[in-house]
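One structure below.
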Amino acid sequence: RVIYRVLAKNIVLSIQDLVKGTKVIEYRKILERTQWLKKEQILHLQQGRLRALLKHSYENVPYYHRLFKERGLTPSDIKTVEDLKKLPILRKTAIRRMPQQLTARNIPKRDTVLCQTTGTTAQPLKFYRSREDVSWGRAAMYRAYGWALYELGEKYALIWGFHPEELKDLLFRVNNLFERQIALLNADDLSEKSIRPFVQKLERFRPRFLRGYSSCIYMLAKYLSAKRISPPNFKAIFSTAAILLPSQRRVIEKAFGCEVYDFYGSQEVPSMASECGEHSGYHIQAENVAIEFIKDGEPVVEGEAGAILVTSLQNYAMPFIRYDIGDTGKPSDEICPCGRGLPLIKSLEGRTYEWLMTSDGSLIALKDFDTFFEDLPVKMFQIIQRSYDEILIKIVKDDGYSDEDTEFIINNITCFQKPVKIYVEVVDSIPSERSGKKRYLISKMPMYDWVP
C-alpha cells in the first residue's frame, strides 16, 4: 500500500499530467508553500493575479473589452477585489446568450477543456476552462484533501452523479484505477437497492476515505445505523455539492466515527474553499479565486449573509468575473488556528433559492428549520413555500414517528413573524434533482435582487 502511494504521487500523477497536458504536480508544490504565507501576503498575491486577469480579459475577450469601454474604465482602474464593484455581475443567462463574446481569442482550442454544469435547477451551462485552470483547480483540491491527511494513492469511495456512458468509458475507468476510486455509487440512482452492493464493496475493499454529495453521505449514514451495519474504518469523509446541515454532520460523524471535511466548489469554479482540521470555517483557495459577499449591491459586514460572487483567477479561456454562482455565505475576518493565511468563509448558508421570504420581507434560511427537526423522529424533510401564508412540509418519517409529531410540527414552528398555515405530508422519499442532489427548501415566492 505504501509503495502504491509513492508510485501514485510520483508516477501516476506525472502520467496524468503528461496525457492531459496539465501541471498538477508543479502547481500543488507551489500551493503547499503559499498557504503558509501571512494573510496580507496571500491577498497581495491574489491582487496581482486579479490585475493580470483583467488586463488579459480587456485585451482578448470581446465582452470585457466592450464592457470596459462602455464604462469608461481601463484595467488599471481595478486594483483590488473591492474595486470589482465597478463591473456588473455576470449571470448564467449572459453566458448562455453570448458564449463567443466571453471566449478569449488568444487561447488555442487545444489548450481548453469543454465543461458543463449538472443542471440542478435549469439547463446545463456549457463553458470552457483552460488547462492551466484545470491544473490549478486539481492542485488546490489535492492540497485540501491533504488537510485531512489524504495522500494520493490511498483508496477512497465516491458517491457522485454519473452518466451511464461515463461509467463505461475506458479513460474514466483507467483514471479510477490510478486514483484508487474503488467503490462508486451513482447519486442519480440512490435507493436501498443500490446502497446495499455499495456497502458490500466498502466491506470488501475497505477504502480509507469517502467523498460525495453531502445529502447522499447522510443517507448512507442513516442506512448503516438503521441496519446496524458496522461502518468502514474511514480516516475522513469529504462532503460537497450541497450545503451540509449541522444535524447531517453530527449524524455522519457519529455513524462513521471520523471527521467530516466540507468542501465548497462547482463545475464552473472547482475547489473554491475547504475546511481544515480546525473546522473554524472554509479556507478560500485565494491563489485561484476571489470571492465577494454582496447584499443589496454592497459588500456585507463580517458575519452577515450575502450572495456569493466569484472571480476565477486562472481561467483565461473564458473568464468569469463577478460570477453569480447562486450561493449565499458569511465572510470572516478571523485567522484560522491552523496557521494558514488563507482567508475564511465563516459559513455557507445555502443556495440562493434555499430561502423563504415572509410577507414582511424577512428571510428564513434552511438552517433555521434544521435545528427544529433535529430532535424529531424524521429521516428527511423538505419545505415548500406555496405562498406567504401557506407552507407544505414533506416528511420521511423515522422509527417512532406518530400523529403527535405531525401535530407538534404544525403547532411549534415559530420562525414566521405572522401566522402561517402549515401542512404536513408524510412521504416515502424526497425526490432528487436531475443531478442527483436534493433540494430541502423550495420557495415559489419572489426574492430580493441579491437572492436571484
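The values are calculated or read from the model by the stated rules, or taken from the named source; none is laboratory data. Note that the structure is a prediction, hence the values are computed from the model and not measured. We place every Cβ from the backbone using ideal geometry, glycine too, and count neighbours over all the protein chains shown. Note: accessible area is taken over every heavy atom of the protein model, side chains too, but ligands, DNA and RNA are not part of it. Shrake-Rupley method; radii C 1.70, N 1.55, O 1.52, S 1.80 Å.
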(request) Go through region 43-57 and count every residue that is buried (at least 19 other Cβ atoms within 10 Å of the Cβ) and more than 13 Å from V81 (Cα to Cα). (result) 1
(message) Only one of P62, P124, P88, P99 is in contact (Cβ under 8 Å) with a residue 24 or more places away in the chain, closer than 19 Å to D327 by Cα and of a type outside the set (A, V, I, L, M). Can you tell me which?
(response) P88
(message) Given the criteria in a loop (DSSP other than H, G, I, E, B), within 30 Å of T80 (Cβ to Cβ) and modelled with pLDDT of 95 or more, does E292 qualify?
(response) no
(request) Spot the failing condition for T93; the list is (1) more than 15 Å from F320 (Cα to Cα); (2) among the polar types (S, T, N, Q); (3) under 23 Å from the mean Cα position of the chain (by Cα); (4) open to solvent by 50 Å² or more (accessible area, probe 1.4 Å), and only one is missed. (result) (1)
(request) Run down I25, I3, I15 and say which single residue is open to solvent by 20 Å² or more (accessible area, probe 1.4 Å), at pLDDT below 90 and in contact with a helix residue (DSSP H, G or I) (Cβ under 6 Å, 6 or more places away or on another chain). (result) I25
(request) Identify all residues within region 397-442 that are modelled with pLDDT under 80, within 28 Å of the chain's Cα centre (by Cα) and either assigned to a strand (DSSP E or B) or surrounded by fewer than 17 Cβ atoms within 10 Å (Cβ to Cβ) (or both); write none if there are none. (result) C415, P431, E433, R434
(request) Name every residue in region 15-73 that is of a type outside the set (A, V, I, L, M, F, W, C), under 24 Å from the mean Cα position of the chain (by Cα) and under 26 Å from P88 (Cβ atoms), in order of residue number. (result) Q46, Q47, R49
(request) Read through the list (1) crowded, with 24+ Cβ neighbours inside 10 Å; (2) within 30 Å of V113 (Cα to Cα); (3) in contact with a helix residue (DSSP H, G or I) (Cβ under 9 Å, 6 or more places away or on another chain), then give the number of the only condition that Y218 fails. (result) (2)
(message) Whether any residue in region 196-214 is of a type in the set (G, A, S) and farther than 24 Å from G153 by Cα is what I want to check.
(response) no
(request) Determine the pairs where a residue that is assigned to a strand (DSSP E or B), located within region 252-275, has a partner that is open to solvent by 30 Å² or more (accessible area, probe 1.4 Å) and of a type outside the set (A, V, I, L, M, F, W, C) with Cβ atoms under 6 Å apart, the partner being 6 or more residues away or on another chain. (result) V260/R249; V260/E253
(request) May I ask you to list the residues in region 302-329 that are modelled with pLDDT of 90 or more and either hydroxyl-bearing (S, T, Y) or open to solvent by 20 Å² or more (accessible area, probe 1.4 Å) (or both)? (result) T311, S312, Q314, Y316, Y323
(message) Looking at the structure I just gave you, is D333 of a type in the set (D, E, K, R) and under 30 Å from I391 (Cβ atoms)?
(response) no
(request) Could you tell me which numbered condition Y261 fails, if it satisfies all but one of (1) in contact with a helix residue (DSSP H, G or I) (Cβ under 7 Å, 6 or more places away or on another chain); (2) over 27 Å from K86 (Cβ atoms)? (result) (1)
(message) Taking the condition of being within 16 Å of the chain's Cα centre (by Cα), part of a helix (DSSP H, G or I) and of a type outside the set (S, T, Y), how many residues in region 215-245 meet it?
(response) 2
(request) Please find, within region 131-162, the residue that is farthest from Y213 (Cα to Cα) out of those that are part of a strand (DSSP E or B) and open to solvent by 10 Å² or more (accessible area, probe 1.4 Å). (result) Y156
(message) Filter region 250-279 down to the residues that are farther than 20 Å from I291 by Cα and either crowded, with 20+ Cβ neighbours inside 10 Å or aliphatic (A, V, I, L, M) (or both) and list them by number.
(response) V251, I252, A255, F256, V260, Y261
(message) When you scan region 234-245, do you find a residue that is touching a strand residue (DSSP E or B) at 6+ places or on another chain (Cβ under 6 Å), at pLDDT below 90, on the phi > 0 side of the Ramachandran plot and buried (at least 18 other Cβ atoms within 10 Å of the Cβ), even just one?
(response) yes
(request) Confirm whether P337 is more than 30 Å from V113 (Cα to Cα), modelled with pLDDT of 90 or more and open to solvent by 20 Å² or more (accessible area, probe 1.4 Å). (result) yes
(request) Only residues that are at pLDDT 95 or above, farther than 23 Å from I294 by Cβ and not in a helix (DSSP H, G or I): list them for region 55-99, please. (result) T74
